[in-house]
Amino acid sequence: MNTHKLEKQLQTMHYTFSDDFDRSILEEISTMTQLRLPSLTSIITGLAACIIFCLGFIYLQDGNLSYDSLLGIDMLNKTSSTELLNYF
Amino acid sequence: MQSFDKKTDYELVDLTIEGDEFAFAEIIRRYKGSVATTAMNMLGDVEDAKEVGHQVFIRFFNTLKKYRKEASLNTYLTRMTINLCLNFLKRRKNFQNRSYELKNAMSVSTENGISDFESKDVVNSALQKLDNKHRTVIVLRMIKGYSTLETADLLQLPKGTVLSRLKRGMAKLKTILETEYNYEYT
């Protein structure tokens, strides 16, 4: 079977997309990335708000902010060893 | 805007991952022809080919970090295009019944001899009458110019299967063109 002519014809079967094609993809990509960014910023904002709220809560409860108050062992410092011994 | 002409494909991929949209625009510019050729010959319809081509580049953008740079970008995108075309064809059960504006192309080809443009349309129409498996091999091997081994690797088929599908596919295509479109291949 001689397919030489057909083979030559098949080699010419090339196509391309117009410039609109590039533009539509780039537009979709920029929309996608814009949609992703607010979700990331809202997560960061949410986290920051949570931390500020916690710090404010601790300050209102203990009247100061220290490592001990953050860890919840602020009262332990004020307890003397004799008081602790009385527990037992 | 910096010039991307001399950048390699891998450099463009890295720049896109870093957030450079112009680098991705260059990737599209370089490979839209290759994607269009595969999609158009697999699907036979401009709008369908555009839709699949669009999906190819969007999917590639979303999975850029998974691209391991083992295969060339062209081969990687061709594999993606073939897979998406086959999925597209599965979804469209009525695909094989489409005529793809054959009548006009046929009447011109039989009366006055065939210009390149018309001949392209007719051959594309004939291609669409083949089974997916035969068409895929012909598109990769004969149109895209991959070697038999590369085609086998792309389709994850044994080399012998590619050769037999190619031989059978070419014979069928020739018969379709001769009997249905009055082409002469002597």
Check: How would you rank B:Leu43, B:Leu86, going from fewest to most other Cβ atoms within 10 Å of each one's own Cβ?
Finding: B:Leu86, B:Leu43
Check: Peptide B:163-172: average number of partner chain Cβ atoms within 10 Å per residue?
Finding: 1
Notebook entry, point to check: How crowded by other chains is B:35-41, given as the mean number of beta carbons from other chains within 10 Å of each beta carbon?
Noted result: 4
Check: Sorted from fewest to most neighbouring beta carbons within 10 Å, what does the list B:Met170, B:Met40, A:Met32 look like?
Finding: A:Met32, B:Met170, B:Met40
Margin query: Could you tell me how far the Cα centroid of segment B:1-75 sits from the Cα centroid of segment B:143-157, in Å?
Written below: 20
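Each reported figure results from applying straightforward, stated rules to the coordinates on display, with no laboratory input. Predicted, not measured: the structure shown is a model, and the values here were computed from it. A quick note on method: Cβ atoms are made from the backbone with ideal geometry, for glycine too, and the neighbour counts reach across all protein chains shown.
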